[in-house]
1. Need the full-extension length gain, residue 33 to residue 91, defined as separation in residues times 0.36 nm minus the C-alpha distance. One decimal, nm.
2. What FRET efficiency would be calculated for the residue pair residue 44, residue 114, taking the C-beta separation as r and a Förster radius of 22 Å, to the nearest 0.05?
3. Under the rule a/c < 1.5 gives rounded, and otherwise a/b versus b/c splits prolate from oblate, where does region 29-135 land using the Cα gyration tensor?
4. Relative to the present Cα-Cα distance, how much length would full extension add between residue 65 and residue 102 at 0.36 nm per residue of separation?
5. Would you mind computing, in nm to one decimal, how far apart the modelled labels at residue 129 and residue 55 are, each placed 7 Å from Cα along Cα→Cβ?
């Protein structure tokens, strides 16, 4: 009986897609490169741009080198790119939480800084298409 249970457990574990990142990670942050050229003027930390295809990416990021680097990191068939870009205090913060449910829900929360130093802020995230998200 023990061998049967062990064999059954092994079969279930072997069939589980443990190394499929898309299933395990509802969100992945993309690090900014120092050479990235993403416009922040007129942007808002509570109104990000959601990019669902290559054509939208061209409109959002005119710089070809930046666009190519980011396009390699997103599979638009299964994911979307969310870009928060704005100018504000150097202490501005953007946080998110992953609420456990399926599909997951991700609320982004902006906390304004208290200093008067004007800085550029760019935060990019790759999110699975079935994940719900909001920004406030």
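1. Details: separation 58, 0.36 × 58 = 20.88 nm, distance 2.00 nm.
18.9 nm is the gain from fully extending residue 33 to residue 91.
2. Rounded to the nearest 0.05, the efficiency is 0.70.
3. oblate
4. Extra length from residue 65 to residue 102 when fully extended: 9.8 nm.
5. 1.5
Read-outs: derived from the displayed coordinates by stated rules, not from any lab. From a predicted model like this one, the values you see are computed outputs, not experimental measurements. Using ideal geometry, Cβ is built from the backbone for each residue, glycine included, and neighbour counts are taken over all protein chains shown.
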